[in-house]
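Peer 1: If you scroll down you'll find the structure; I have some questions about it.
Computed from the coordinates by the stated procedures, all read-outs in this text should not be read as laboratory data. What you are looking at is a predicted structure, and each value in this text was computed from that prediction instead of being measured. Note: ideal-geometry Cβ built from the backbone for every residue, glycine included; neighbour counts use all protein chains shown.
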Amino acid sequence: MPELPEVENARQVVEKALHRVVTDVDDRDEFECRPHLPGDIAGALKGGQLVAAHRRGKAMWCDTVDADGNAGPALGIHLGMGGRIIVTAPDGDSTSRYGGGDPHVGERETDKPEWTRFSLTFEDGGQLRLFDKRRLGRVRLDPDVHALGPDAAEIGREEFRARIQASTAPIKARLLDQSVVAGIGNLLADEVLWRASISPSRRSKTLDDDTVDELRVVLRRAIRSAIAKGGVHTGEIIPFRKAEATCPRCGAPMARGTVGGRTTWWCSNEQA
């Protein structure tokens, strides 16, 4: 599942589609566009424009206006497990192509039209396309993001302390709870806890203020690095999440278990 860095990269790509008049919408995929019927999203967006691209955690949505400049419905785009946003430049500059989302999706794959599940065509001839080979993404109008906690890249120190320390759940489970802090997935959680030398099974309530503060600093640093490098797969510990691997920092064997219902890897020495 794409995590905050992949979705932020996709959001930055969507910004290439802002302030371009929508002349056509392909919303025929009833599974990807549920609960809308074919034509529902098209009717809401044709003639208008996307004017801002937002993200909270793993959720992404765009503000829209209609042809008269009046506020329209928000357009929510969820990448699913392998979705990728493709935005093409106007006609006459067709060599410009921007992609964001799953970094493992190659350019040759995204040229297969049968795996484009939703698209906007602009007056200038360019497009925004949701490429989704596995068909697990989602496009919908006015998505509800109110249940999400504050964004992991933006949460302040005091709020982070309060939300983390308010539970006896294992710290990894707490980090994965999107209603607590939005945007952290399985790989990013393992990366951050390894960088901070914290056991993923340690009870959240036992972390003192200094430890939580350091965890937040490490989290923000890991997010910035992953955004810059193209995704959470670029993390320092990610290549060592496998059998017979050793910690790249101290050389101790990597340990594997289940925490918060997710497969988890940690250093058997530094995160004991």
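Peer 1: Across 5 Å bins from 0, what is the distribution of all Cα-Cα pair distances for region 195-272, in whole percents?
Peer 2: All Cα pairs, binned at 5 Å, distribute as 3, 14, 21, 24, 24, 13, 1 percent.
Peer 1: Lys pairs in region 4-141, Cα-Cα under 20 Å, at least 8 apart or on separate chains: how many?
Peer 2: 4
Peer 1: Full-extension gain between Arg134 and Arg249, please, as 0.36 nm times their residue separation minus the C-alpha to C-alpha distance.
Peer 2: Answer, rounded to one decimal: 37.8 nm.
Peer 1: Could I have the simple spin-label model distance between Leu18 and Ala67, label points 7 Å from Cα toward Cβ, reported in nm to one decimal?
Peer 2: Reported label-point gap for Leu18 and Ala67 is 2.5 nm.
Peer 1: What's the long-distance tail for region 135-272, i.e. % of Cα pairs beyond 22 Å?
Peer 2: Tail of the P(r) past 22 Å holds 37 percent of the pairs.
Peer 1: A further question follows. Could you tell me which residue out of Leu207, Ala226, Val192 lies farthest along the dipole of region 157-267 toward its positive end? Charges go on the beta carbon: Lys and Arg +1, Asp and Glu -1, centred on the Cα centre.
Peer 2: So the residue furthest toward the plus end is Ala226.
Peer 1: What does the helix-only formula give at 222 nm for the chain: each DSSP H stretch with n ≥ 4 adding -39500 (n - 2.57), the total divided by the residues, and the result rounded to the nearest 500 deg cm²/dmol?
Peer 2: Per the formula, -7000 deg cm²/dmol.
Peer 1: Taking θ = phi - 60°, what integer Hz values does the Karplus form 6.51 cos²θ - 1.76 cosθ + 1.60 yield along region 170-179, in sequence order, with x for Gly and Pro?
Peer 2: 3J(HN,Hα) across region 170-179, in whole Hz: x, 4, 5, 4, 5, 5, 7, 6, 5, 7.
Peer 1: May I pose another question? I need His36, His146, His54 ordered by Cβ neighbour count within 10 Å, fewest first.
Peer 2: His146, His54, His36
Peer 1: Quick one: compute a quarter of the convex hull surface over the Cα atoms of the chain and quote it in nm².
Peer 2: Its average projected convex-hull area is 15.1 nm².
Peer 1: Need one word for region 4-141: rounded, prolate or oblate. Basis is the Cα gyration tensor (sqrt eigenvalues a ≥ b ≥ c); a/c below 1.5 gives rounded, then a/b vs b/c decides.
Peer 2: It is rounded, given that a/c, with a ≥ b ≥ c, falls under 1.5.
Peer 1: Determine, for Ser167, Ser204, the number of other Cβ atoms within 10 Å of each Cβ, and report the residues in order from fewest to most.
Peer 2: Listing Ser167, Ser204 from fewest to most nearby Cβ atoms yields Ser167, Ser204.
Peer 1: Given contacts defined as C-alpha pairs under 8 Å and at least six residues apart, what's the relative contact order of the chain, whole-number percent?
Peer 2: So the answer I get is 19 percent.
Peer 1: Please give the helix 186-195 orientation as an angle from the longest Cα principal axis of the chain, in degrees from 0 to 90, rounded to the nearest 10.
Peer 2: 40 degrees
Peer 1: Also: Under 10 Å, Cα contacts only: if you run a Gaussian network model on the chain, which one of Leu45, Leu128, Leu18 comes out with the highest mean-square fluctuation?
Peer 2: Checking each option, the largest mean-square fluctuation is seen for Leu18.
Peer 1: Here is a further query. Working from Cα positions, state the angle (0 to 90°, nearest 10) between the long axis of helix 209-229 and the longest principal axis of the chain.
Peer 2: Relative to the chain, helix 209-229 is tipped by roughly 40 degrees.
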